[in-house]
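Below: the structure, in structure tokens.
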Amino acid sequence: VLTDKEDPAGKCILVTSAVKGEGKSTTALNLALAYAGLSKKVLLVGADLRNPGLARFFKPESYSYGLSDYLSDTRIGWEECVVKGGLSDYLSVCLSGNLPPNPTQLLSGKRFEAFLEKAASEFEMIVVDSAPCMAVADTLLMARLADVSLFVVRAGYSEKSALHFSGDLHQKKQLPNMNYLLNDMGSLSERKY
């Protein structure tokens with residue numbers, strides 16, 4: 001779904017869902033690992049500043065700073081927030097950092113855009129794990145910076161209203177190049193009816 005542009009800058013994939021629990025953080029991690037498995041230089045970014053999900057996959061104590069720290073403190077350089085993930089030689093990670101009082105303001109500011117621009121000059125793929133977009137506006141404010149948006153829907157979990165909501169987002173072009181990812185299909189086949 002990524003366009004085949006001649007642009008040498010890295011591509012940004014935004015992963016979101018309607019609500020918490022649909023598997024967006026796991027999807028973002030697996031997508032980043034898949035690209036890293038293809039020997040692409042990948043940056044995985046934890047941009048859900050309200051309820052960070054990526055930290056459970058890594059050792060947060062080994063990260064001095066995270067995205068929120070960079071966004072709120074101009075003395076911190078973007079590269080100080082990026083750490084080799086340890087899961088692959090090609091994967092680097094920027095966790096969300098300390099919980100800020102103003103996540104919407106931080107993510108809609110110029111500093112977040114500058115972070116992605118700098119990352120795009122260093123990495124081939126940037127996978128952004130964002131907040132669920134039905135509850136807060138954070139994701140919709142930063143979506144304009146993405147090349148592709150993946151909307152995660154979880155089988156047997158997501159409400160039909162989430163599909164209607166996502167359809168509205170698509171019609172209004174609020175998530176660029178939006179695609180659905182159906183998660184957890186195995187759980188449906190294991191159920192006895």
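Count of the stretch 31-52 residues, restricted to those that are farther than 14 Å from ASN98 by Cα and either open to solvent by 60 Å² or more (accessible area, probe 1.4 Å) or more than 15 Å from the chain's Cα centre (by Cα) (or both), is 6.
Do you know which of the residues in the stretch 53-81 that are assigned to a loop (DSSP other than H, G, I, E, B) and in contact with a helix residue (DSSP H, G or I) (Cβ under 8 Å, 6 or more places away or on another chain) is surrounded by the most Cβ atoms within 10 Å (Cβ to Cβ)? Please lay out each step first, then the result.
Start the filter on the stretch 53-81 by keeping residues that are assigned to a loop (DSSP other than H, G, I, E, B), which leaves 53, 58-59, 63-66, 73-77.
Next, from what is left, pick out any that are in contact with a helix residue (DSSP H, G or I) (Cβ under 8 Å, 6 or more places away or on another chain): 53, 63-66, 74, 76-77.
Numbers: GLY53: 19, TYR63: 20, SER64: 11, TYR65: 20, GLY66: 28, THR74: 8, ILE76: 16, GLY77: 11.
Of everything passing the filter in the stretch 53-81, GLY66 is surrounded by the most Cβ atoms within 10 Å (Cβ to Cβ).
Consider only pairs whose beta carbons are under 6 Å apart and that are at least six residues apart or on different chains; among these, list those whose first residue lies in the stretch 102-120 and is over 14 Å from THR139 (Cβ atoms) and of a type in the set (S, T, N, Q) and whose second residue is at pLDDT 95 or above and surrounded by 14 or more Cβ atoms within 10 Å (Cβ to Cβ). If the second residue must be at pLDDT 95 or above and surrounded by 14 or more Cβ atoms within 10 Å (Cβ to Cβ), no pairs are left.
Pairs are defined by a Cβ separation below 7 Å, a sequence spacing of at least 6 or placement on different chains, a first member in the stretch 162-182 that is touching a residue at least 12 places away in the same chain (Cβ under 8 Å), and a second member that is assigned to a helix (DSSP H, G or I) and open to solvent by 40 Å² or more (accessible area, probe 1.4 Å); the pairs so defined are GLN174/LEU140; PRO176/ARG144; MET178/HIS170.
Which of the numbered conditions does LEU181 fail, given that it passes all the others? Conditions: (1) touching a helix residue (DSSP H, G or I) at 6+ places or on another chain (Cβ under 7 Å); (2) part of a helix (DSSP H, G or I). It is condition (2) that LEU181 fails. Only residues that are among the β-branched types (Val, Ile, Thr) and over 16 Å from VAL15 (Cβ atoms) were counted in the stretch 27-75, giving 1.
What tally of residues in the stretch 99-120 results from selecting those that are polar (S, T, N, Q), in a helix (DSSP H, G or I) and under 20 Å from PRO176 (Cβ atoms)? Spell out the reasoning first.
Initially, the stretch 99-120 is screened for residues polar (S, T, N, Q), giving 102, 104-105, 108.
After this cut, where a residue has to be in a helix (DSSP H, G or I) as well, the list is 104-105.
Narrowing the set further to residues that are under 20 Å from PRO176 (Cβ atoms) leaves 104.
Here the count works out to 1.
Just one of the listed residues (SER88, SER96) is in a loop (DSSP other than H, G, I, E, B), under 14 Å from the mean Cα position of the chain (by Cα) and free of Cβ contacts under 8 Å to residues at least 60 places away in the same chain, namely SER96.
Filtering the stretch 136-159 to residues that are open to solvent by less than 30 Å² (accessible area, probe 1.4 Å) and within 13 Å of the chain's Cα centre (by Cα) leaves ASP138, THR139, MET142, ALA143, ALA146, VAL148, SER149, LEU150, PHE151, VAL152. Considering the stretch 160-178, and only residues there that are of a type in the set (D, E, K, R) and in a helix (DSSP H, G or I), the residue that is surrounded by the most Cβ atoms within 10 Å (Cβ to Cβ) turns out to be ASP168.
Condition first: part of a loop (DSSP other than H, G, I, E, B) and of a type in the set (D, E, K, R). Now tell me which residues in the stretch 136-159 satisfy that. Correct list: ASP147, GLU159. Considering only residues in the stretch 126-135 that are open to solvent by less than 10 Å² (accessible area, probe 1.4 Å) and not in a strand (DSSP E or B), the one that is farthest from SER68 (Cα to Cα) turns out to be CYS133.
The values are calculated or read from the model by the stated rules, or taken from the named source; none is laboratory data. Treat the numbers as computed from the prediction; the structure is a model and nothing was measured. A quick note on method: Cβ atoms are made from the backbone with ideal geometry, for glycine too, and the neighbour counts reach across all protein chains shown. Ligands, DNA and RNA are excluded from the accessible area calculation, which covers all protein heavy atoms including side chains. Shrake-Rupley method; radii C 1.70, N 1.55, O 1.52, S 1.80 Å.
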